[in-house]
Amino acid sequence: MEFLLGRSLKNNLYNLELESSVRDVLKEWNFNLEDIYEIESDAGLGNGGLGRLAACFMDSLATLNYPAMGFSIRYDYGLFKQRIVDNQQVELPDHWLDTGETWMIPRSDKNFKIKLGGTIHEEWQDGKLRIIHDNATTIDANPYDVMISGAGSEGVSVLRLWKASASLDFDMKSFTQGDYMRAMRSDNEAEIISKVLYPSDDHDQGKQLRLSQQYFLVSASLQSIIKDHLKAYPSLKNLPDVAAIHINDTHPALAVPELMRLLVDVYNFDWDTAWDIVTRTIAYTNHTVLAEALEKWNEPLVFSLLPRIHSIIREINRRFTDDMRARNIEGSKIDHMSIISRGVVKMANLSVIGSHKVNGVSALHSDIIKNSIFADFNAIWPEKFTNVTNGIAHRRWLCQSNPDLTSFLSSLIGDGFKTDAAELEKLLKYTTDKTVLAQVNKIKQQNKYDFANYIKKTTGFTLNPESRIDTQIKRLHEYKRQLLNVLKIIKIYLELQEDPNKQVTPQTFIFGAKAAGGYYHAKRVISLINCISADIQKNPKIKEKLDVMFVENYNVSKAEHLYPASEVSEQISLAGKEASGTSNMKFMINGAVTLGTIDGANVEIMESVGNDNIFTFGMTADEVERVWHHGYYATNIFASNPEIRKIVDALKNGFAGESFADIANYLVLGSHNIADPYMCLADYGDYLRAHYDMDKAYSDKNLWAKMSLVNIAKAGIFSSDRSISDYANNIWNMKRLKSKKPTK
């Protein structure tokens, strides 16, 4: 559903090795290439980590010469443009197509039709049972292709974006008679499907729109895949042998029944043959264990909006449950694994049942899904489950974002790491070289100054580049625990208010995040961060030692400025909740040191760099489960800890004239008898311990530079090139195309 591409100009110039030539030409005309870059809007095609991962994968697929296409929707508006007004998040439309449309190639030869609503019935025609779909609303899917170049290769990945429009001719009669609203109704109802990324679904209309978007995406994409296949092959029987269809998270789960519909209804396959083709072609990545992300739809909605898809899902489910009963699986487990249960359609179960491989996105996460949410499936099909740890496009997040560091690394180990990130390990021989370590520190300091200048120019905020830059940038969500970070900041702030002369490491805490428009608690945490920042700005003496900045409308382009300047990477989710994380990898390859829980890909980062080059704290995932099992009572921690009571009182008293008693109550009293559901108070003490351990290490500049260099050296395994190779070899069975030799 999303591909968070960021800007395309810089990425394509870099990948095509044209940047220096273009820069030279522009200089002759008194243009600055950096100014040109700033004109382009970030593509409004994604939201957070999942969309950015998809974009990194497209880059690696092209670079490694794997033939691949991505499919998404050509959203007129991105998630939203975030503004901070009176310390609160305000959502504005994200008008990105004014510059983003530049990269799109309309493909009028690839239009397809999608049917929504209506009724279905069966008829015998020419001795065959046909499914007749009557009274449906027909939507046109119009494709726009975005080309994504590979780095130093001939590969090009294609991202096909679908725009929705009405199939009916314009109602000229109504328009002529003055009934303009009726004349435009069909156009509006169709076009709304591709209007906004992730429309709010806390009401019935929003749920219907989201489900329409998901079906629109998979139906158009599958029709496109089949059309291309049939140009090369006479039949779809060999589809699994020459094509791999991968669904990321449950948003495209309808690909399973839609491919069945096309095979059975359109291409006349019998059910068993069609099901064999589907399950050998489709694979599924689970990206989260959070209940709200394991999508479920009310069955009546699916029935009314997608009647044929509903009947196919019911038949898939009937055959699956019959199979489970034949295996003597107990009834409660069958109910748990069932796609349809108690009037709800469970998309994660549909994805697992309809795929030949299911993977998590870090070693810990893959173990968790095998042992918890998909444990019953794993017991039946253990060969179906595997792991592919996420990765990042290191050419974008190191080579393009941090050119000074990249140039220095090249001077030490050559340019090989640009195409083979594993070569970064060659840096390990320099971890005791004081000249090299001094240069690592010098580059980081210059990046901090550059970032401070960028922030001053773009926001007016004065940031102290001599302070330690401590950063937490990710979607604002309770489980990611930005609030835990804030509790620590409040403690330091209160200490400095009591004693402004207290000796502390000067530090600036930076946050970047969007909260979903309807997510009240997350938006309150954003307000809290901004109010604390506003309070600090009134006290210049404290600001020298402690500062807080919230990056408004955080996006890919701002991240490219922020990662090189950051020294501490906050990765503090409650253990067992973060599937992987990729910001941790981007910080790591830019030399920031992780302060984090033993969660997601932090586990693999810790194993890679060693305990001496990371700061970990808090409960493990198993310990979290045990505490929940025996009962977690935040009130008891609050009552027994004077420091926490002081912080909670400060929340009640408020900052910048606003009380945050609601957040204090969330931590201590809770709602529905659950206080502090993501255990901020339980991990608070060990978090502070790790913070002070980090302080001590940071005071030794040589030691910190060594830790930084080890993190860079060990970051190669977290390249998306490695992730894509794992997918290609272990799931897709896909071979790289050989580059053509240049003609002389």
| field | Yes/no for MET606 being out of contact with any Phe, Trp or Tyr (no Cβ under 8 Å at 6 or more places or on another chain) and in a loop (DSSP other than H, G, I, E, B) | value | no
Selection from segment 534-570 of residues polar (S, T, N, Q) and over 15 Å from ILE469 (Cβ atoms) yields GLN537, ASN539, ASN553, ASN555, SER557
The number of residues in segment 679-716 that are in a loop (DSSP other than H, G, I, E, B) and buried (at least 18 other Cβ atoms within 10 Å of the Cβ) is 2
Scanning segment 560-571 residue by residue, the ones that are buried (at least 24 other Cβ atoms within 10 Å of the Cβ) and more than 28 Å from ASP683 (Cα to Cα) total 1
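Residue-wise test of (1) farther than 22 Å from ALA274 by Cα; (2) touching an Asp or Glu at 6+ places or on another chain (Cβ under 8 Å); (3) not basic (Lys, Arg).
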site: ARG308; (1), (2), (3): no, yes, no
site: ASP322; (1), (2), (3): no, no, yes
site: GLY331; (1), (2), (3): yes, no, yes
site: ILE339; (1), (2), (3): no, no, yes
site: VAL344; (1), (2), (3): yes, yes, yes
site: LEU350; (1), (2), (3): no, no, yes
For segment 286-314, pairs from a residue that is polar (S, T, N, Q) to a residue that is part of a helix (DSSP H, G or I), with Cβ under 6 Å and 6 or more apart or across chains, are ASN286/ILE369
A careful count of residues in segment 374-403 that are part of a helix (DSSP H, G or I), touching a strand residue (DSSP E or B) at 6+ places or on another chain (Cβ under 8 Å) and either assigned by TED's automatic domain parsing to the domain that holds ASP450 or over 16 Å from ALA283 (Cβ atoms) (or both) gives 1
Checked pairs for segment 67-95, first in contact (Cβ under 8 Å) with a residue 40 or more places away in the chain, second surrounded by fewer than 15 Cβ atoms within 10 Å (Cβ to Cβ) and β-branched (Val, Ile, Thr), C-beta under 8 Å and 6 or more apart or across chains, list as GLN82/VAL90; ARG83/VAL90; ILE84/VAL90
Of those in segment 516-532 that are touching a residue at least 60 places away in the same chain (Cβ under 8 Å) and touching a strand residue (DSSP E or B) at 6+ places or on another chain (Cβ under 6 Å), the residue farthest from GLY206 (Cα to Cα) is ILE532
Apart from one, (1) at positive phi; (2) surrounded by 19 or more Cβ atoms within 10 Å (Cβ to Cβ) all hold for ASN328; the odd one out is (2)
- Does ASP686 satisfy the criteria of being touching a Gly at 6+ places or on another chain (Cβ under 6 Å) and either closer than 28 Å to LEU290 by Cα or not assigned by TED's automatic domain parsing to the domain that holds LYS488 (or both)? yes
Within segment 669-678, of all residues that are of a type outside the set (Gly, Ala, Ser) and in contact with a Phe, Trp or Tyr (Cβ under 8 Å, 6 or more places away or on another chain), the one surrounded by the most Cβ atoms within 10 Å (Cβ to Cβ) is ASP676
If we take segment 67-165, then strands (runs of 3 or more DSSP E) inside it with 3 or more residues that are among the polar types (S, T, N, Q) are 137-149
Within segment 15-49, restricting to residues that are part of a helix (DSSP H, G or I) and buried (at least 19 other Cβ atoms within 10 Å of the Cβ), the one that is modelled with the lowest pLDDT is GLY49
Among (1) polar (S, T, N, Q); (2) within 24 Å of TYR692 (Cβ to Cβ); (3) touching a residue at least 40 places away in the same chain (Cβ under 8 Å), SER640 falls short only on (3)
The residue from LEU33, LEU45 that alone is outside the structural domain of TYR454 (by TED's automatic domain parsing) and farther than 30 Å from TYR215 by Cβ is LEU33
Flagged in segment 248-297 as β-branched (Val, Ile, Thr), buried (at least 18 other Cβ atoms within 10 Å of the Cβ) and more than 24 Å from HIS336 (Cα to Cα), in numbering order, are VAL264, ILE277, THR281
Somewhere in segment 572-592, is a residue surrounded by fewer than 24 Cβ atoms within 10 Å (Cβ to Cβ), assigned by TED's automatic domain parsing to the domain that holds HIS477 and assigned to a strand (DSSP E or B)? no
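The values are calculated or read from the model by the stated rules, or taken from the named source; none is laboratory data. Just so you know, these numbers come straight off a predicted model, no measurement behind them. FYI the Cβ positions are ideal-geometry reconstructions off the backbone, even for glycines, and counts take in every protein chain you see.
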